[in-house]
């Protein structure tokens, strides 16, 4: 038995009804990279679909050993939704080579794991796979949308006594995953570290709006009207950054990126049921000209009052830049000579 | 005879099962099973057409941008909108970033670790290959992950994030480019080129691209020790294990063409058959459902008319994958197909000598890394600060359109019909749907099913290593295959 197995930090990563994008995102982890991070934590990767050598019969043996209790399972990560269809059979994903539905494997292994981690909004809540009429009857580990009626259900607790950790996001930021695993491996994961939807508060206590480079446009309600415009995307373009729980604009993606920095709306991908907004993703639904979804914690009357006030006060610079794809007017400067 | 079952297959981006009939140490017949169905085509039905830009990239976490590019092209076809030159260059850079990163991921993380398996412990090259390519612990992966992550900073600059960006739109990109971004992209590419030239090739990209025949390639490799670079290491192992005799395909290759440059794609669209290129006619594509767990199986349909309704109990079904055929033929797609169609002299020589096989598929992929990175340097120069990156036109209430591109692993097409402003039908054919298709109504096996025939099986092998090399040589993406 290896050192890490003795210390109880072995991790099994399974994929089901998803796209594998959370793993691909994880491979973009930096300072340090994902394998170095796992090393630093003393986490022994029992198996990961993209990283491990083990395939076929060797993997089946490994799973059987875990099932028989011969290898302790400390952390089980599931990426992708649980597929319950058709008609509750789980046949939409039979785990290759085993003749058993993945749904059944996940159920069995979850009961044995000290910690169960849903990686991505699919595994957490059903996610994109549950969109439309939910053809595969997809759900999350503990949740089905915003309700705790997923595969494992409300009463489920992992061996540690903790409910499922929902690292929601589509995809997850690599550091949301590594930092949560760090806390778990260090024995510093408590129920107080999760919000009401099971998400790590380390990122879910923030809003995407925080650090958005379009904040000044937001303040003056200088709005973008079409793709590539520089203005705030809340009023017309469907941006949910003021309501979305995540730290995308203070943490940044792939070096210097985020959805807003890339010029497109936040679609609130860390929330249950983000996949069915009830309107086109790139349009803001309005009633009497006022966006339906207001910024988090903001009383409606105040928002309306402030919005009309700030609209009246919008500087020319912001008004013009908001509907341009490059800065037309730069900020005033007392050092500038001439007009 | 009972079938030998290999699975779960990993390092194939998704789940995969292969069933084999083995006699006298050889695979006689193979059945490829795609075991996961999610139903994106059903999900898209009735949606606002623009929502395709949110849903389709999420078909796949490794070909996410390719899916965006195909969806944007299909919607643009409906709208009749063209991208401004800046938008086109930015989309090419974003797509190339994903495709090259995918080639790298395939080579280092998915494909090469199989040569560090115990089964090869007696080979002279084993210690060095294991030290370099062993899954998780090899020293290559420690070098490749940071290089890949830094290369993908281009996504942060041009696409906001990867995977699942909304920066690519039918009329261009949402992210305009300033001079500082152009400069930064140039420096990211310079750093990535340095990694490729030192670790992967051990020579300049230009020298690699100048190789124009198999003899030339041999002469080039012979001037170095066998472990001079990762490309040299692969060529050495390929020759020791005769990987050019493994996994021979149908030798009909298709490419949708990719990276439009003001009307002319960098890699041409076409069909390679019987040692020559002809035009590819997308109207001749049909999807055969005779061996899929699908209903409505009568008459293979063109994707515009395609129906995707699952039926787990469909007679003779053994996979969720459909069987696309071009004019009734099985075709192979991927980097080898792209480069033979486009006319890369070394790849043409390889294919003329011995067609599709494990070695040739990998060589084509590595050459393409060099070719595309050089093209990325050019596109960076074409980004013009101050010029528009996106044209915006309204979506018609009724329209039909198709979008065809190339993902790292081959040809990807989206076909949609819009009625009353909503998606009436949306059908997708992904690269691995072509390569890993099941038998059709005529009983003709798909490309991988054909390539596996004759694969050697060693005594006592449960998961024949040759089968693993062949399967992974296609760089399959199972989450795209059935979406």
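If a residue must be touching a strand residue (DSSP E or B) at 6+ places or on another chain (Cβ under 8 Å) and part of a loop (DSSP other than H, G, I, E, B), how many such residues does region B:282-320 contain?
16
Can you list the helices (runs of 4 or more DSSP H) lying wholly within region A:180-291 that have 1 or more residues being under 26 Å from residue B:90 (Cβ atoms) and within 14 Å of chain B (Cβ to nearest Cβ)? Give the steps one after another, and end with the answer.
Working: elements: A:201-204, A:215-219, A:248-251.
The helices (runs of 4 or more DSSP H) meeting that bar are A:248-251.
I'd like to check something: does region B:342-349 contain any residue that is in contact with a strand residue (DSSP E or B) (Cβ under 8 Å, 6 or more places away or on another chain) and surrounded by 24 or more Cβ atoms within 10 Å (Cβ to Cβ)?
First, the residues of region B:342-349 that are in contact with a strand residue (DSSP E or B) (Cβ under 8 Å, 6 or more places away or on another chain): B:342-343.
Next cut, surrounded by 24 or more Cβ atoms within 10 Å (Cβ to Cβ) only: none.
No, that holds for no residue.
Looking at A:251, A:199, which is the one that is surrounded by 24 or more Cβ atoms within 10 Å (Cβ to Cβ), closer than 30 Å to residue A:113 by Cβ and in contact (Cβ under 8 Å) with a residue 40 or more places away in the chain?
Working: A:251 fails: surrounded by 24 or more Cβ atoms within 10 Å (Cβ to Cβ).
Answer to the check: A:199.
Restricting attention to region B:37-53, does a residue exist that is at pLDDT 95 or above and closer than 24 Å to residue A:59 by Cβ? I'd like the intermediate steps shown before the answer.
Going through region B:37-53, the residues at pLDDT 95 or above turn out to be B:37-53.
Subsequent filtering for residues that are closer than 24 Å to residue A:59 by Cβ retains B:37-38.
Scanning region B:37-53, I find at least one residue that is at pLDDT 95 or above and closer than 24 Å to residue A:59 by Cβ, so the answer is yes.
For residue A:328, which of the numbered conditions (1) out of contact with any helix residue (DSSP H, G or I) (no Cβ under 6 Å at 6 or more places or on another chain); (2) assigned to a loop (DSSP other than H, G, I, E, B); (3) under 30 Å from residue B:185 (Cα atoms) fails to hold?
Residue A:328 satisfies every listed condition except (1).
Could you tell me whether residue A:87 is surrounded by fewer than 18 Cβ atoms within 10 Å (Cβ to Cβ), more than 8 Å from chain B (Cβ to nearest Cβ) and on the phi > 0 side of the Ramachandran plot?
Details: surrounded by fewer than 18 Cβ atoms within 10 Å (Cβ to Cβ): yes; more than 8 Å from chain B (Cβ to nearest Cβ): yes; on the phi > 0 side of the Ramachandran plot: yes.
So residue A:87 passes the test.
If you go through region A:304-339 one residue at a time, how many are without any contact (Cβ under 8 Å) to a residue 12 or more places away in the chain and away from every other protein chain (no Cβ under 14 Å)?
Kept after step one, since they are without any contact (Cβ under 8 Å) to a residue 12 or more places away in the chain, are these residues of region A:304-339: A:305-306, A:308-309, A:312, A:320, A:328, A:333-339.
Retained after the next criterion (residues that are away from every other protein chain (no Cβ under 14 Å)): A:305-306, A:308-309, A:312, A:320, A:333-339.
Count: 13.
Which of the following residues is in contact (Cβ under 8 Å) with a residue 40 or more places away in the chain, surrounded by 24 or more Cβ atoms within 10 Å (Cβ to Cβ) and at the interface with chain A (Cβ under 7 Å from one of its Cβ atoms): B:34, B:64, B:68?
Details: B:34 fails: at the interface with chain A (Cβ under 7 Å from one of its Cβ atoms); B:68 fails: at the interface with chain A (Cβ under 7 Å from one of its Cβ atoms).
On inspection, the qualifying residue turns out to be B:64.
Okay, residues lined up against (1) within 16 Å of residue B:52 (Cα to Cα); (2) crowded, with 16+ Cβ neighbours inside 10 Å; (3) away from chain A (no Cβ under 14 Å):
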{"position": "B:372", "(1), (2), (3)": "no, yes, yes"}
{"position": "B:392", "(1), (2), (3)": "no, yes, no"}
{"position": "B:399", "(1), (2), (3)": "yes, yes, yes"}
{"position": "B:409", "(1), (2), (3)": "no, yes, no"}
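Scan B:122, B:147, B:140, B:167 and give me the residue that is in contact with a strand residue (DSSP E or B) (Cβ under 9 Å, 6 or more places away or on another chain) and either more than 7 Å from chain A (Cβ to nearest Cβ) or under 19 Å from residue A:228 (Cβ atoms) (or both).
Details: B:122 fails: in contact with a strand residue (DSSP E or B) (Cβ under 9 Å, 6 or more places away or on another chain); B:147 fails: in contact with a strand residue (DSSP E or B) (Cβ under 9 Å, 6 or more places away or on another chain); B:140 fails: in contact with a strand residue (DSSP E or B) (Cβ under 9 Å, 6 or more places away or on another chain).
Only one candidate qualifies: B:167.
Please tell me if residue B:323 is touching a strand residue (DSSP E or B) at 6+ places or on another chain (Cβ under 9 Å) and in contact (Cβ under 8 Å) with a residue 24 or more places away in the chain. Full working, then the answer.
On the way: touching a strand residue (DSSP E or B) at 6+ places or on another chain (Cβ under 9 Å): yes; in contact (Cβ under 8 Å) with a residue 24 or more places away in the chain: yes.
In short, yes.
Considering each of B:115, B:133, B:40, B:110 in turn, give the residue that is crowded, with 24+ Cβ neighbours inside 10 Å, within 24 Å of the chain's Cα centre (by Cα), facing chain A (nearest Cβ under 9 Å) and on the phi < 0 side of the Ramachandran plot. Outline the logic, then answer.
Details: B:115 fails: facing chain A (nearest Cβ under 9 Å); B:133 fails: facing chain A (nearest Cβ under 9 Å); B:110 fails: crowded, with 24+ Cβ neighbours inside 10 Å.
After applying the criteria, what remains is B:40.
Could you grab me the full set of residues in region A:48-84 that are at positive phi and not in a loop (DSSP other than H, G, I, E, B)? Give the derivation first.
Start the filter on region A:48-84 by keeping residues that are at positive phi, which leaves A:56, A:69, A:80.
The one that is at positive phi and not in a loop (DSSP other than H, G, I, E, B): A:56.
Show me the strands (runs of 3 or more DSSP E) found entirely inside region B:227-279 where at least 3 residues are surrounded by 16 or more Cβ atoms within 10 Å (Cβ to Cβ) and modelled with pLDDT of 95 or more.
B:253-255, B:258-261, B:264-267, B:270-273
The values are calculated or read from the model by the stated rules, or taken from the named source; none is laboratory data. Predicted model, so just to flag it, every value in this text is computed and none were measured. Reconstructed Cβ throughout: ideal geometry from the backbone, glycine too, with neighbour counts over all protein chains shown.
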